[in-house]
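Each remark here refers to the structure printed beneath this line.
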């Protein structure tokens, strides 16, 4: 849980975990609280994530907030110029330049809240998240429930044989697994 940071400074918060662990739900909760505090909030997600809506970030539990699609992290820097709080969902789909953009936003005294998968379907560090974790002032690791045994789940199990690193999908392609039930793919 993020604690208060002194005014007149910016910072980075990262919410990470496996699929179905509540990352977007927690992002929405924090952003709504910022709106209640009458802060100007802008929310961004990568254009590649077309699962639910082009105009909203949407959690698996159907909570949603209006957002903007961007192709590159550099677009966020331009569009968030007047923001107090910047929300970024599905950060794993952005390239490594997201780290520098988040640092620049924080240096401009903005609160930056980033949510995304920290590991891919192979259980390996994913996208810009590892670098963001090392830079963030606040980190929240969310856990799902293993669909096999009910233990806390920290892995995303891909249910197809597709070997591409990025395959957009939901419960039809992925499920949450614990360390013991996770079956890393072989041969890719």
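Out of all the residues in the stretch 161-176, which are without any contact (Cβ under 8 Å) to a residue 40 or more places away in the chain and more than 24 Å from residue 95 (Cα to Cα)?
Selection gives 161, 172.
In the stretch 169-183, what residues are out of contact with any strand residue (DSSP E or B) (no Cβ under 7 Å at 6 or more places or on another chain) and surrounded by 13 or more Cβ atoms within 10 Å (Cβ to Cβ)?
169, 181
Output the number of the condition that residue 93 fails; it satisfies all remaining conditions of (1) over 22 Å from residue 183 (Cβ atoms); (2) surrounded by fewer than 19 Cβ atoms within 10 Å (Cβ to Cβ).
(2)
This table checks each residue for (1) surrounded by 18 or more Cβ atoms within 10 Å (Cβ to Cβ); (2) under 30 Å from residue 180 (Cα atoms); (3) touching a residue at least 40 places away in the same chain (Cβ under 8 Å).
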| position | (1), (2), (3) |
| --- | --- |
| 124 | no, yes, no |
| 139 | no, yes, yes |
| 146 | yes, yes, no |
| 159 | no, yes, no |
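Would you please name the residue that is surrounded by the fewest Cβ atoms within 10 Å (Cβ to Cβ), looking only at residues in the stretch 148-157 that are farther than 22 Å from residue 90 by Cα and touching a strand residue (DSSP E or B) at 6+ places or on another chain (Cβ under 8 Å)?
Result: 151.
Check whether at least one residue in the stretch 24-34 is modelled with pLDDT of 95 or more, farther than 23 Å from residue 168 by Cβ and touching a helix residue (DSSP H, G or I) at 6+ places or on another chain (Cβ under 7 Å), and report yes or no.
no
Taking residue 109 as meeting all but one of (1) under 14 Å from residue 91 (Cα atoms); (2) in a loop (DSSP other than H, G, I, E, B); (3) at pLDDT 95 or above, write down the number of the exception.
(1)
How many residues does the stretch 3-19 hold that are modelled with pLDDT under 95 and within 27 Å of residue 169 (Cβ to Cβ)?
Qualifying residue count for the region: 1.
Name the residues in the stretch 85-106 that are in a strand (DSSP E or B) and either at pLDDT below 95 or under 16 Å from residue 46 (Cβ atoms) (or both), would you?
Within the stretch 85-106, 86, 87, 88 meet the criteria.
Which of (1) at pLDDT below 95; (2) under 17 Å from residue 16 (Cα atoms) is the odd one out, the single condition residue 122 does not satisfy?
Every condition holds for residue 122 apart from (1).
Taking the stated definitions as given, is residue 116 without any contact (Cβ under 8 Å) to a residue 60 or more places away in the chain and either buried (at least 17 other Cβ atoms within 10 Å of the Cβ) or assigned to a loop (DSSP other than H, G, I, E, B) (or both)?
no
The values are calculated or read from the model by the stated rules, or taken from the named source; none is laboratory data. Quantities reported herein were computed from a predicted structural model and do not represent experimental measurements. When we count neighbours, we look across all protein chains shown, and the Cβ atoms used for this are built from the backbone with ideal geometry, even at glycine.
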